[in-house]
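Asker: Quick one: this structure, given as structure tokens, is what I'll be asking you about.
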Amino acid sequence: MLVSILILLALGLIMVLSASAPSAFTYEGDSYFYFRSQLVNAGIGIAGMILFSLIDYRLYKGRLADIAIIVAIVLLALVLVPGIGRTVKGSTRWIYLGFQFQPSELMKIALIVFLAAKLSKDPKKNKKFWKGIFPLLVVIRNNLLFII
């Protein structure tokens, strides 16, 4: 899986370089401007991947899943607070805390971890729609309204 990820990453970097070199040279005076930016982001992503792979996956099944979903919901709500939420191109979806990021991206990961933890906790309960699956669908629906 790691080899597949690295191959896709390398192909993506090549595509960014080939597609953006002329426009980067025209606007920035450096053909490698966008490629370098993408390369830095790829490095940050690889570092994050390595960091999270070192964490025991059983921790995600415990309180970490609940904490992650709560933190993500709070961050989504903080977007609406003046001074914290940033408007970019007419849409307020960003938070600035020394660096700028979209909380909806964190929510996507938190929602996946939360649902996986809840679904794996009691497999027998999942066979009953109203007790197992329906409450999770409510969580998904409510969080999708925030993400979109």
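Read the figures in this text as sums done on the coordinates, not as results from a lab. Predicted, not measured: the structure shown is a model, and the values here were computed from it. Neighbour counts are summed over all protein chains in view; Cβ atoms, including those assigned to glycine, are modelled from backbone coordinates with ideal geometry.
Asker: Per the helix-only calculation at 222 nm, which mean residue ellipticity applies to the chain, given -39500 (n - 2.57) for every DSSP H run of n ≥ 4 and division by its residues, nearest 500 deg cm²/dmol?
Answerer: Numbers: 5 runs with 95 residues, N = 148.
That comes out to -22000 deg cm²/dmol.
Asker: State the extension gain, in nm to one decimal, for the chain segment bounded by TYR57 and LYS131, taking 0.36 nm per residue of separation less the distance between their alpha-carbons.
Answerer: Details: separation 74, 0.36 × 74 = 26.64 nm, distance 2.55 nm.
Full extension from TYR57 to LYS131 adds 24.1 nm.
Asker: Explain nothing, just compute: Karplus ³J(HN,Hα) = 6.51 cos²θ - 1.76 cosθ + 1.60, θ = phi - 60°, for every residue of the range 31-46 in order, whole Hz, x for Gly and Pro.
Answerer: 5, 9, 4, 5, 4, 4, 5, 5, 5, 5, 5, 5, x, 5, x, 5
Asker: Tell me the angle of helix 65-78 to the major Cα principal axis of the chain, expressed in degrees between 0 and 90 and rounded to the nearest ten.
Answerer: Approximately 60 degrees, to the nearest ten.
Asker: For the range 1-39, which chymotrypsin sites (Phe, Trp or Tyr not before Pro) are in a loop by DSSP, counting at most 16 other Cβ atoms within 10 Å? Can you show the working numbers first?
Answerer: On the way: sites: PHE25, TYR27, TYR32, PHE33, TYR34, PHE35; in loops: TYR32.
Within the range 1-39, the qualifying chymotrypsin sites (Phe, Trp or Tyr not before Pro) (loop, at most 16 other Cβ atoms within 10 Å) are TYR32.
Asker: Then there is this: Sorted by packing (mean other beta-carbon atoms within 10 Å per residue), highest first, where do 44-50, 74-80 land?
Answerer: 74-80, 44-50
Asker: Which cross-chain or sequence-distant (5 or more) residues have an amide H under 5 Å from the amide H of ARG86, H modelled 1.01 Å from N in plane?
Answerer: ARG93, TRP94, ILE95, TYR96
Asker: If you compute semi-axes √(5λ) of the Cα gyration tensor in Å for the structure shown, which of [x] 25, 16, 15; [y] 35, 22, 14; [z] 33, 14, 12 do you land on?
Answerer: Here the calculated entry is [y].
Asker: Within 10 Å of each residue's Cβ, count the other Cβ atoms and sort MET1, MET15 from fewest upward.
Answerer: Listing MET1, MET15 from fewest to most nearby Cβ atoms yields MET1, MET15.
Asker: Only loop residues by DSSP count here, and only those with at most 12 other Cβ atoms within 10 Å; note down the chymotrypsin sites (Phe, Trp or Tyr not before Pro) in the range 41-87 that meet that.
Answerer: In loop regions of the range 41-87 (DSSP not H, G, I, E or B), the sparsely surrounded chymotrypsin sites (Phe, Trp or Tyr not before Pro) are TYR57.
Asker: If you average the C-alpha positions of the range 1-20 and of the range 85-131 separately, how far apart do those two centres end up, in angstrom?
Answerer: Using only Cα atoms, the two centres lie 26 Å from each other.
Asker: Taking the range 54-131, which trypsin sites (Lys or Arg not before Pro) meet the DSSP loop condition and have no more than 10 other C-beta atoms within 10 Å? Intermediate results must be reported in sequence, preceding the final value.
Answerer: On the way: sites: ARG58, LYS61, ARG63, ARG86, LYS89, ARG93, LYS108, LYS118, LYS121, LYS124, LYS125, LYS127, LYS128, LYS131; in loops: LYS89, LYS124, LYS128.
The qualifying sites are LYS89, LYS124, LYS128.
Asker: Oh, and also: Nothing charged except the Cβ atoms of Lys and Arg (+1) and of Asp and Glu (-1): what's the magnitude of the dipole of the chain about its Cα centre? Round to the nearest 20 debye.
Answerer: Using only the charged Cβ atoms, the result is roughly 1020 debye.
Asker: In the chain, how many lysine pairs have Cα atoms under 21 Å apart, counting only pairs 8 or more places apart or on different chains?
Answerer: Taking the chain as the scope, the lysine pair count is 14.
Asker: Return LEU119, LEU8 ranked ascending by Cβ neighbour count within 10 Å, so the fewest neighbours appear first.
Answerer: Sorted ascending by nearby Cβ count, the order is LEU8, LEU119.
Asker: What's the whole-number percent of alpha carbon pairs in the range 1-63 lying beyond 13 angstrom?
Answerer: 69
Asker: Shifting gears a bit: Using the number of other C-beta atoms within 10 angstrom as an exposure proxy, rank SER20, SER120, SER53 with the fewest first.
Answerer: Result, fewest neighbours first: SER53, SER120, SER20.
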